[in-house]
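Peer 1: I'd like to ask you about the structure that follows.
The values are calculated or read from the model by the stated rules, or taken from the named source; none is laboratory data. Note that the structure is predicted; figures quoted are calculated from it, not measured. Positions of Cβ are generated from backbone atoms using ideal geometry, with glycine treated the same way; all protein chains shown enter the neighbour counts.
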Amino acid sequence: MLANWLALAVCLQTFVMPDEAQTLEWKMETQRWRESRDRSLRSPDGWLAVSGLFYVQPGRHSFGSGMDCPVRLTSQSSPSLAGTLQVTADQVTFTAADGVSLLLNGTEAQQGQLRIDLLAGEADSPDRLQVGTTTLQMIRRSGRLAVRLRDSQNPLRLSFRGEQWYPIQDEYRVVAEWVPYSQQRLIQIENVKGGKSEGRLAGRVEFELQGQRCTLEVLEESSDSLMIVFRDQTSGRDTYGAGRFLSFPIPQGNTVILDFNRAYNPPCAWNPHTLCPLPPKSNHLPISVSAGARKPSDP
């Protein structure tokens, strides 16, 4: 009889241990992902460093810490007049003020061009123009041209105490049916500032959670990843009111694992100078997703 029980115990161990090991590895991987996101937020080029957003029209725009500068730099290391931007229908150029040293992508430059697609509705310049601890980047949002500022000494970045997370829970890692759209579908997406931009829907996911059948529309994020912008019954109470994001690789089959333990806060949860998309009404879940990032705490 003892031999039979020992044999059964060995069999059970054979079946159980791999699952336990996989679960442990998944939780460790999720924790590493959260730590990586924390480092990204803290980086000098991260969302916490964003210190200003100024829309510009064609014409000449001065930038510096002076009160009369249309593009005002808040860093104490910035001169009152650092330089000027010249915006035309074809390009954006800059010129340094007398005695001011500017860095274009790390190389000193007294004048030059900031590359950006002036025809696209949504675009980010690959160039960074630095003065002191502040960098300038041209962006286009909803067809409007703007200067985004980042300051490595921004108080938001320096006072950051880390993102708050729910405990990692297996029940919020669900297998969903992936339904790709055969033809491109466009959607008007409203942002937190009341503007609108055009997004591309890649498909939808369908799954069961807490005994309810749920469907979420999925946006194209990059050439190899997708993103869901969603709200749930925790939004505005224990999680950020405008919703959260969930990114994942483009599925290769007809199913995908949605790990809501990796649901993260959009940049506007931390920084008022950012523009974040709001979830469409179709992505308002009737359930509480008590997983992933919680509402940011006050500094």
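Peer 1: Restricting attention to region 223-232, does a residue exist that is in contact with a Pro (Cβ under 9 Å, 6 or more places away or on another chain), assigned by TED's automatic domain parsing to the domain that holds Ile189 and part of a loop (DSSP other than H, G, I, E, B)?
Peer 2: Looking through region 223-232, at least one residue is in contact with a Pro (Cβ under 9 Å, 6 or more places away or on another chain), assigned by TED's automatic domain parsing to the domain that holds Ile189 and part of a loop (DSSP other than H, G, I, E, B).
Peer 1: Could you run through region 214-236 and say how many residues are over 25 Å from Glu122 (Cβ atoms) and touching a residue at least 40 places away in the same chain (Cβ under 8 Å)?
Peer 2: Result for region 214-236: 5.
Peer 1: Can you name the residue in region 264-291 that is touching a Lys or Arg at 6+ places or on another chain (Cβ under 8 Å) and closer than 11 Å to Tyr240 by Cα and, of all such residues, is surrounded by the fewest Cβ atoms within 10 Å (Cβ to Cβ)?
Peer 2: Looking at residues that are touching a Lys or Arg at 6+ places or on another chain (Cβ under 8 Å) and closer than 11 Å to Tyr240 by Cα, I get Tyr264.
Peer 1: Return the only residue of Leu119, Leu156 being surrounded by fewer than 17 Cβ atoms within 10 Å (Cβ to Cβ) and not in a strand (DSSP E or B).
Peer 2: Leu119 is the lone residue from the list that is surrounded by fewer than 17 Cβ atoms within 10 Å (Cβ to Cβ) and not in a strand (DSSP E or B).
Peer 1: Mind checking whether some residue in region 122-145 is within 28 Å of Ser282 (Cβ to Cβ), at pLDDT 95 or above and more than 17 Å from the chain's Cα centre (by Cα)?
Peer 2: no
Peer 1: If we keep just the residues of region 116-134 that are without any contact (Cβ under 8 Å) to a residue 24 or more places away in the chain and of a type in the set (D, E, K, R), which is farthest from Asn191 (Cα to Cα)?
Peer 2: Asp127
Peer 1: Scan region 241-257 residue by residue and report those that are buried (at least 22 other Cβ atoms within 10 Å of the Cβ) and either in contact (Cβ under 8 Å) with a residue 60 or more places away in the chain or over 10 Å from the mean Cα position of the chain (by Cα) (or both).
Peer 2: The one that is buried (at least 22 other Cβ atoms within 10 Å of the Cβ) and either in contact (Cβ under 8 Å) with a residue 60 or more places away in the chain or over 10 Å from the mean Cα position of the chain (by Cα) (or both): Gly243.
Peer 1: Which numbered condition trips up Gln137, out of (1) assigned to a strand (DSSP E or B); (2) touching a residue at least 60 places away in the same chain (Cβ under 8 Å)?
Peer 2: The one condition Gln137 does not meet is (2).
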